[in-house]
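**Q** This structure is in structure tokens; I'll ask about it shortly.
No value in this document is a laboratory result; all are computed from the given coordinates. Values in this document were obtained by computation on a predicted structure and should not be read as measured data. Virtual Cβ from ideal backbone geometry, glycine too; neighbours counted across all protein chains shown.
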Amino acid sequence: MQNTFQQSPAGALNPDLQARELDAMCVNESELQHPWWYNLKYAAWGILFGIVFVKAEIVSWFRIQEMFRFESFHMYGVIGTAVVVGLISVLIIKRTSAKTIHGEEIHIPNKEFNKGQIYGALIFGLGWAVAGACPGPLFAQMGAGFSVIIVTFLSAIAGTWVYGLVREKLPH
Amino acid sequence: MLEAIKQPWPWYVAGALIGLTVPYLLLVGNKTFGISSSLRHMCAACLPANIAFFKYDWKKEIWNLFFVGGIALGAFIAAQFLSNPDALVLAQPTADYLASKGITDTTSMLPPEIFSWDQLFTLRGLIFFVVGGFMVGFGTRYAGGCTSGHAIMGLSSLQWPSLVATVMFMIGGIIMTWFILPFLLTL
């Protein structure tokens, strides 16, 4: 299992990959070069994802209030099912040493613990309950026609940018 | 069929489809699921300002921007063509509580009493969109991920730091909902 899941094998040799892995959950491990339209596979899944977000009302500010008030099971059901399905999938991928459709070895980078997962996560949690959206639903709310969410979205980008600016001064 | 799709989708359907994102991205291109990173790539693309955190080749992560672009487009399709004709069914205790704070219109995804352009330049608008959005962007990046990156991808691959982050997300949300929002909603 460990053999197929090395920790950032390219990281030591590739400072750019290291920079992108920094504080990120989603990184492109693939070393393959593809034409741009290969990215449409991600857009296609994104479309399905956006439809799910709206149809299951995950983008609703009200559903987030229900969740944090413990007055509805809905969001716990959504997140819980997603984790179970993800967990089983990752287990199958690891057990079968599955390769990508392009034949690459699948690599899941390990998260290093740092204090950001306490302080940063707390700040995000506070913001989540106010804005009623995490980053994914922000895109969906804008797409669904709530134009004022552009302001929330730009504020979220500003927050990310300010984090990059003051990163060195924060406890990690 | 279309009638069934137009109804709100149950949690197990939504949860299963969201969970399948994890193997889809891994199998299709060795990508790990995460959404908040897209905000960082936008910073790196538009305003890197010589900040070390934004100095990397964002084009290598462009798949992530295609993914979030898809989310917006999918939401547009769902809202335009698949939308539920009935109002959102909110848990009664939540509805009662919000009504006591003056939030009575629960027909839409977002309460129009808060999330509308004419609220933008009020103190309440400033807190709900600008401060709230800022905390989402700042906090997710500081935490190294959001609900998708930590709670779903991280827990799926048994990363204990992601469990810490997920617990802290919930604690933050609970503190806000129970101790700070009751005040903010009366602004």
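**Q** I want to check a number: in chain A, how many lysine pairs have alpha carbons closer than 22 Å, given a sequence separation of 8 or more or different chains?
**A** Values: A:Lys41/A:Lys55; A:Lys41/A:Lys99; A:Lys94/A:Lys111; A:Lys99/A:Lys111; A:Lys111/A:Lys169; A:Lys115/A:Lys169.
Step by step, the pairs that qualify in chain A add up to 6.
**Q** When you look at the Cβ of every residue in B:97-107, what mean number of other chain Cβ atoms sits within 10 Å? Intermediate results must be reported in sequence, preceding the final value.
**A** Working: counts 4, 5, 0, 0, 0, 0, 3, 0, 0, 3, 0.
Average neighbour count from other chains, rounded to a whole number: 1.
**Q** Could you give the dipole magnitude of the protein assembly as shown about its Cα centre, charging the beta-carbon of Lys and Arg +1 and that of Asp and Glu -1, in debye to the nearest 20?
**A** Working: 21 positive and 20 negative charges, 93 e Å.
Charge dipole of the protein assembly as shown: 440 debye, to the nearest 20.
**Q** Let me know the charge dipole size of chain A about its Cα centre in debye, to the nearest 20, where only the beta-carbon of Lys, Arg (+1) and Asp, Glu (-1) is charged.
**A** My answer is approximately 240 debye.
**Q** In addition: Taking the Cα-to-Cβ direction at B:Ile175 and at B:Lys101 and moving 7 Å from each Cα, how far apart do the two end points lie in nm?
**A** Distance between the two pseudo-spin positions: 1.7 nm.
**Q** Right, next: Project the alpha carbons of the protein assembly as shown onto their principal axes and report the range along each, largest first, in whole Å.
**A** Extents along the principal axes: 58, 52, 33 Å.
**Q** Continuing with this model, one more query. Could you work out how far apart the two model spin labels at B:Leu2 and A:Leu154 are, taking each label as a point 7 Å from the Cα in the direction of the beta carbon, and quote it in nm?
**A** Calculated label separation equals 3.8 nm.
**Q** Report, in order of residue number, the helices in chain A meeting two criteria: a C-alpha extent of 30 Å or more along the helix axis, and a mean Kyte-Doolittle hydropathy of at least -0.5; treat each whole DSSP H run as one helix. Present the calculation step by step, with values, prior to reporting the outcome.
**A** Values: long enough: A:74-95 (31 Å, 1.58).
Going by DSSP H runs, the hits are A:74-95.
**Q** Here is a follow-up. Given contacts defined as C-alpha pairs under 8 Å and at least six residues apart, what's the relative contact order of chain A, whole-number percent?
**A** 31 percent
**Q** Any idea what the alpha-carbon Rg over 2.2 N^0.38 Å comes to for chain A?
**A** Details: Rg = 18.4 Å, N = 172, 2.2 N^0.38 = 15.6 Å.
That ratio works out to 1.18.
**Q** I've got another one for you. Restricting to DSSP loop positions (anything but H, G, I, E, B) with no more than 10 other Cβ atoms inside 10 Å of their own Cβ, which chymotrypsin sites (Phe, Trp or Tyr not before Pro) remain in region B:107-138?
**A** Numbers: sites: B:Phe115, B:Trp117, B:Phe121, B:Phe128, B:Phe129, B:Phe134, B:Phe138; in loops: B:Phe115, B:Phe121.
Those that pass, being in a loop and sparsely packed, are B:Phe121.
**Q** Relative contact order (percent) for chain B, with alpha-carbon contacts under 8 angstrom and 6 or more residues of separation? All intermediate terms of the calculation are to be shown ahead of the outcome.
**A** Working: 114 pairs, mean separation 45.5, N = 187.
Normalised by residue count, the contact order of chain B is 24 percent.
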